[in-house]
Amino acid sequence: MVERSAVIAALDAIIDPVSGQGMVAAGLVQGLVVAEDRAGFALEVDHTQAAAYAPVRDAAEAALKAIPGMARVSVILTAETKPAAASRTASLSKAAADQGRAKAPVPTDRPTHVRRVLAVASGKGGVGKSTVAVNLAAALSARGLSVGILDADVYGPSLPTMLCISGQPAYENGAIVPHVAHGLKAMSVGLLTKMDDAMIWRGPMASQAITQMLTQTRWGTADAPLDVLVVDLPPGTGDVQLTLIQKTPLDGAVIVSTPQEVALADARRAHTLFQRVNVPTLGLIENMSGPVFGEGGGRAEAERLYIPFLGTLPLDAALREGGDAGRPLVASYPHGDIAGRFAEMAAHVSAALGL
């Protein structure tokens, strides 16, 4: 019986004319088969080297036939044209890249008894998006609309602080009863957990929480539907945003950014997300405008993206203090400069939503 080790030793004694190594070590022996009294393999080379390797094939056949007990030898010389190696650059995997492409429309339903759903997004954290969302909701309410606000930032819920609400909401007839503050119906995961709890949730758990609050909250009734639900999105373009987009048709989105480039770059990504899922961007708001973060960047970015510029909000201590105290500035100082700016923004947004 022919031993495989003897076959390999015989082949490795034949030198590859290109690498100077034995045939096996050089990787020339492909698909080696050793049976009781026979052996065979394929000798794969580039087509330009076929003639040079014909003597190597002959030498391999002779070496194998010289092994005691060898009755049959098969060495096939294959000469194939190898495709030219394409230049490569670093890139995402196909699966990751596919996540960024627009998907086919997903069958969705609007939350029961809600006429319009408005997303407030930023792309980047720390730009005052939640402050803007709460005051914009209050400004819409001041126009006589019935307004709800959903805190979709499950990892950093701020709505309980900004509206000074606490305690778990009631659950009646299969629906969550939202808290009401400053004329706004409000729901947040912060009302379902303790203030100091850390939401150590993976994406599916966070998405499930958003779905529950979105679809199981009694935002309106058949007799008194909610005019607009303002959804304060978390920063970024991840699971929560995609879940919301797939669960309910958004009627529009407002993007909040500070004037500097590092924030505007993320605002562009948020706009791109909404473009890909066919959600209209109703406008961009420049927040914290002034000598600290600069000014004018938001207007320029809105022009570059061909979306409406809704206005600027200065870096104002009163606006921050109102959020910390749970009294939105629009509600506590309705005739002030900041309230006036939000009133103009609300007028544009309500018109764009057909309200």
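Quick notes
- Looking at the stretch 311-355, the accessible area is 49 square angstrom per residue; that uses a 1.4 Å probe and ignores ligands, DNA and RNA.
- A 1.4 Å probe over all protein chains sorts Ile255, Ile67 by accessible area into Ile67, Ile255, starting with the largest.
- Here the stretch 201-355 exposes an accessible surface that is 52 percent carbon and sulfur, computed with a 1.4 Å probe and the other protein chains kept in place.
- Computed extension gain for Ala66 through Thr272, at 0.36 nm per residue and net of the alpha carbon distance, reaches 67.2 nm.
- Charge context of Ile14, other residues only, Cβ under 15 angstrom, K/R +1, D/E -1: -2
- Debye equation applied to the C-alpha atoms of the stretch 201-355, log10 I(q)/I(0) at 0.13, 0.18 Å⁻¹: -0.72, -1.31
- Computed extension gain for Ala351 through Asp324, at 0.36 nm per residue and net of the alpha carbon distance, reaches 6.7 nm.
- Surrounding net charge for Ser130, when Lys and Arg each add one and Asp and Glu each subtract one, Cβ distance under 9 Å: -2
- Counting charges near Asp153 (Lys, Arg +1; Asp, Glu -1) among other residues having Cβ under 12 Å from its Cβ returns a value of -1.
- The order of Lys185, Lys129, Lys247 by accessible area, most exposed first and with a 1.4 Å probe, is Lys247, Lys185, Lys129.
- Once both labels are positioned 7 Å from their Cα atoms along Cα-to-Cβ, the gap between Arg4 and His47 label points is 3.4 nm.
- Between Thr211 and Ala170, the C-beta separation translates, for a Förster distance of 30 Å, into a calculated FRET efficiency of about 0.90.
The values are calculated or read from the model by the stated rules, or taken from the named source; none is laboratory data. Keep in mind that this is a model prediction, so the values were computed, not measured. For neighbour counting, all protein chains shown are included, and Cβ atoms are generated from backbone atoms with ideal geometry for every residue, glycine included. Note: areas computed on protein heavy atoms with side chains; ligands, DNA, RNA excluded. Shrake-Rupley method; radii C 1.70, N 1.55, O 1.52, S 1.80 Å.
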